[in-house]
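Notes for the one structure printed next.
The values are calculated or read from the model by the stated rules, or taken from the named source; none is laboratory data. Fair warning: this is a prediction, and the values are worked out from it, not measured in the lab. Note: ideal-geometry Cβ built from the backbone for every residue, glycine included; neighbour counts use all protein chains shown.
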Amino acid sequence: MTAVGIDAIEIWTGKLKLDLAETFAPEKGEDPEKYTKGLGLHASSFPDAHEDIVTMGANAAHRLMDRKGLTPDDIGRIDVATESAFDNSKPVSTYIAGCLEQVYDEDFHHANKGERKFACIAGTQSLDDAYNWIKAGRNRGRSALVVATDTALYARGDPGEATQGAGAVAMLISEDPNLVEMSAEQGYGSADETDFLKPNQQFPSVDGKRSMQVYLARMREALEDYESVAGASHPEDFAYVPFHTPFPGMVRKAAVLAYRHMIRGTPIEEELAEEIGFQPREEDFEDREEYEEAIRDYMDELSSTDDYREWYDATIEPTLSISREVGNWYTGSVHIARAAALKQAAEEGRDLAGRKLGVGSYGSGAQAEIHAETVQEGWKDEIEALNIDEQNAARYDLSFDEYENVHDRHNHDKTIEMEDFTVPDGEFVFTGTGRMNERLYDYVE
């Protein structure tokens, strides 16, 4: 059967930077290590005055299409995943298509366009939609363009403020892909939850403690469901395990949960039993709360073992390098985790072709998805084409007062005039609103 998966990716980060240790922490009167070690974040990316979810998504998509030598005729669908949309009717994909049509002779009039919403998991859901569309034979030889684009803002003073971020990931989904083939097997964990939501509001309402619990519970269910169709997982199955990364500290908890699950009943658990005992089994407890407390204690001990630390450092840590510098990108977060891992592998000269990635996506509200991806022969050329390091290095470093102005600029409830901190060059820019309050965009040479 023909392989289907991600042929290429491009990343576009917001052009402004807030340094959490040097700028944010002192203003908040906090120890910088609360952010750098506790959350695992060093900086956040923000959009300049001329940027928003459309420009970031369009710029990522344009760079991808230009690098791959594509025209609109090669694209049969454009799916945008976002939880930062500004219109309840007109999808962001139409805006992005309109931007791209400014720089191509052809148009996207015959491409199916849509917008996916399920918090941060919508980017992966859009990949699934594109995969199914191609596998069903409805693509007529064309590829799908999936764009995950978000500006993750919290109300000022909110505990989540340090995890903000802005950027876009564009992905080309094709037959015989160069980067990764997606597995047909998927696992889901889904429930009606209110851990994080935005009921007709821009800034989220968050139950932080509950959100962590729901994230872990849905990930566990998704892994169990994945294994019901793909067979038992083992830590050695995957070269890397990219998780949805609202902040790296959250991934630490998901990783130890996944490792505990995968070693259960294996020789690894038996070897570790000499050091920390066997995993608690629910049938050995009369009280559910006692069992869950025993599991938490076991995972605390497990996370300190050499076996786990070696697995984490090799399999999880490399997925976090980009997120540490840009913050939470909502729908794009798991996809920059994948890119970060492959980027490090390319820099280290690793041969990953044929190896598998275990991808763990999550969206509040709540749903998790686990699927596998097989790295393809052309992966290294695709990853080495990324310029995210150069983009990050070129960001304008905001003072705290400037950050507050930028936050107000992108607050939908405020009208703030602000000069650009950076000069647009070969990119799409936001230019204002039209007579029906539609947003207007131009391409700047």
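Here are the numbers for the structure shown:
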{"read-out": "Any chance residue 428 is over 21 Å from the mean Cα position of the chain (by Cα), surrounded by 14 or more Cβ atoms within 10 Å (Cβ to Cβ) and part of a strand (DSSP E or B)", "value": "yes"}
{"read-out": "Test: residue in the range 292-299 that is of a type outside the set (S, T, N, Q), free of Cβ contacts under 8 Å to residues at least 24 places away in the same chain and not in a helix (DSSP H, G or I)", "value": "no"}
{"read-out": "Members of the range 313-355 found to be free of Cβ contacts under 8 Å to residues at least 60 places away in the same chain and under 19 Å from the mean Cα position of the chain (by Cα), listed by number", "value": "317, 321, 343, 344"}
{"read-out": "Scope the range 73-97; condition part of a helix (DSSP H, G or I) and either surrounded by fewer than 20 Cβ atoms within 10 Å (Cβ to Cβ) or among the β-branched types (Val, Ile, Thr) (or both); matching residues", "value": "73, 74, 92, 94, 96"}
{"read-out": "Some residue of the range 80-97 being of a type outside the set (S, T, N, Q), touching a helix residue (DSSP H, G or I) at 6+ places or on another chain (Cβ under 7 Å) and under 20 Å from residue 131 (Cβ atoms)", "value": "yes"}
{"read-out": "Search result, residues across the range 376-399 that are outside any loop (DSSP other than H, G, I, E, B) and acidic (Asp, Glu)", "value": "381, 382, 384, 389, 390, 397"}
{"read-out": "Filter pass, residue 94 being closer than 28 Å to residue 201 by Cα, modelled with pLDDT of 95 or more and out of contact with any Asp or Glu (no Cβ under 7 Å at 6 or more places or on another chain)", "value": "yes"}
{"read-out": "Every residue from the range 199-232 that is buried (at least 21 other Cβ atoms within 10 Å of the Cβ) and under 14 Å from residue 258 (Cβ atoms)", "value": "215, 218, 219, 222, 223, 226"}
{"read-out": "Strands (runs of 3 or more DSSP E) wholly inside the range 98-196 that include at least 2 residues being surrounded by fewer than 19 Cβ atoms within 10 Å (Cβ to Cβ)", "value": "112-116, 180-190"}
{"read-out": "Single residue of 442, 389 found to be without any contact (Cβ under 8 Å) to a residue 60 or more places away in the chain and within 22 Å of residue 57 (Cβ to Cβ)", "value": "389"}
{"read-out": "Tally of residues being in contact with a Pro (Cβ under 7 Å, 6 or more places away or on another chain) and either over 18 Å from residue 424 (Cβ atoms) or in a strand (DSSP E or B) (or both) across the range 5-15", "value": "3"}
{"read-out": "Single residue of 347, 369 found to be of a type in the set (D, E, K, R), modelled with pLDDT of 95 or more and farther than 26 Å from residue 197 by Cβ", "value": "347"}
{"read-out": "Hits in the range 199-243 - residues which are in a loop (DSSP other than H, G, I, E, B), aliphatic (A, V, I, L, M), closer than 18 Å to residue 269 by Cβ and in contact (Cβ under 8 Å) with a residue 40 or more places away in the chain", "value": "none"}
{"read-out": "Some residue of the range 260-270 being touching a strand residue (DSSP E or B) at 6+ places or on another chain (Cβ under 6 Å), surrounded by fewer than 16 Cβ atoms within 10 Å (Cβ to Cβ) and assigned to a helix (DSSP H, G or I)", "value": "no"}
{"read-out": "Criterion: closer than 30 Å to residue 397 by Cα, charged (D, E, K, R) and in contact with a helix residue (DSSP H, G or I) (Cβ under 9 Å, 6 or more places away or on another chain) - qualifying residue of 325, 301", "value": "325"}
{"read-out": "Candidates 148, 144, 130, 168, filtered to the one that is out of contact with any helix residue (DSSP H, G or I) (no Cβ under 9 Å at 6 or more places or on another chain), under 17 Å from residue 10 (Cβ atoms) and either touching a residue at least 12 places away in the same chain (Cβ under 8 Å) or of a type in the set (Asp, Glu) (or both)", "value": "130"}
{"read-out": "Options 210, 260: the member that is modelled with pLDDT of 95 or more and basic (Lys, Arg)", "value": "260"}
{"read-out": "Residue selected from the range 300-341 under the condition assigned to a helix (DSSP H, G or I) and among the polar types (S, T, N, Q), by the criterion nearest to residue 239 (Cα to Cα)", "value": "315"}
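Quick grid of which residues meet (1) touching a Phe, Trp or Tyr at 6+ places or on another chain (Cβ under 7 Å); (2) within 16 Å of residue 323 (Cα to Cα); (3) among the charged types (D, E, K, R); (4) without any contact (Cβ under 8 Å) to a residue 12 or more places away in the chain:
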site	(1), (2), (3), (4)
13	no, yes, no, no
19	no, yes, yes, no
29	no, no, no, yes
43	no, yes, no, no
48	yes, no, yes, no
64	no, no, no, no
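Here is a yes/no grid of residues against (1) part of a loop (DSSP other than H, G, I, E, B); (2) buried (at least 21 other Cβ atoms within 10 Å of the Cβ):
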residue: 357; (1), (2): no, yes
residue: 360; (1), (2): no, yes
residue: 368; (1), (2): no, yes
residue: 374; (1), (2): no, no
residue: 401; (1), (2): no, no
residue: 404; (1), (2): no, no
residue: 408; (1), (2): no, no
residue: 413; (1), (2): yes, no
residue: 418; (1), (2): yes, no
